[in-house]
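**Student:** Sending over a structure as structure tokens; questions will come in a sec.
Nothing in this text is a laboratory measurement; each read-out follows from the coordinates by a stated rule. These figures come from a predicted structure and were not determined experimentally. Neighbour counts are summed over all protein chains in view; Cβ atoms, including those assigned to glycine, are modelled from backbone coordinates with ideal geometry.
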Amino acid sequence: MNSNRLSKLLAAALLVGAGVAGAADRNAAPATDAALQQRVAHEIRMYPRYTIWDDISYRVHNGQVELFGAVNQPFKKSDVEHIVRDIPGVTSVADEIKVLPLSNFDDRIRLQVARAIYSDPVLSRYGMQAVGSIHVIVENGHVTLTGVVNNDMEKNVAGIRANGAGMSLGNVTNNLQVEKPGRKS
């Protein structure tokens with residue numbers, strides 16, 4: 001066997017070994033609840049059908065994951081539960097995710113509120129993300145804003161835009177979290 005062919009064979013073996021090791025690392029059970037919590041967050045964010053119309057939260061304790069929040073389609077609830085259940089290190093899943101009522105009226109409100117929020121120059125940068133960080137949850141005409149914004153002003157602008165969107169009838173709960181709260185005097 002010539003040395004060039006032997007070098008190629010060794011290089012190929014090393015690449016295959018590295019790929020297997022990388023796959024093993026991804027499939028290894030997280031060592032702590034904090035690591036498991038990061039993995040759950042990652043898997044939910046990577047779920048391709050997770051949108052600004054959904055708000056999924058979770059808690060992790062001793063490998064047990066509790067899911068809660070709301071989704072706008074029934075299949076999303078079961079998809080997310082299956083995704084989380086398949087994460088190495090998860091010992092059980094309590095799925096308390098609420099499925100929002102299927103409603104054309106609520107769908108129109110979702111669109112109007114999202115357009116009002118994401119078209120505002122102060123908030124438009126949040127719409128450039130794969131999944132905007134401002135979530136619009138609508139249940140029977142009631143709008144709840146969830147997610148994270150940078151400061152108090154952005155939270156207030158989002159609430160004003162949602163209230164002024166028309167169809168929501170001023171029935172808006174602003175539960176946005178502020179990443180950098182303003183100082184109190």
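**Student:** Using a/c under 1.5 as the rounded threshold, could you call segment 56-95 rounded, prolate or oblate? The axes a ≥ b ≥ c are square roots of the C-alpha gyration tensor eigenvalues, and prolate needs a/b larger than b/c, oblate otherwise.
**Tutor:** oblate
**Student:** Where nothing but the Cβ of Lys and Arg (+1) and of Asp and Glu (-1) is charged, how large is the charge dipole of segment 99-185 around its Cα centre, in debye to the nearest 20?
**Tutor:** That gives segment 99-185 a dipole magnitude of about 260 debye.
**Student:** Principal axis extents for segment 62-120, Cα atoms only, whole Å, descending order, please.
**Tutor:** Principal axes ranked by extent give 41, 25, 14 Å for the Cα atoms.
**Student:** Given N residues in segment 104-178, what is its alpha carbon radius of gyration divided by 2.2 N^0.38 Å?
**Tutor:** 0.97
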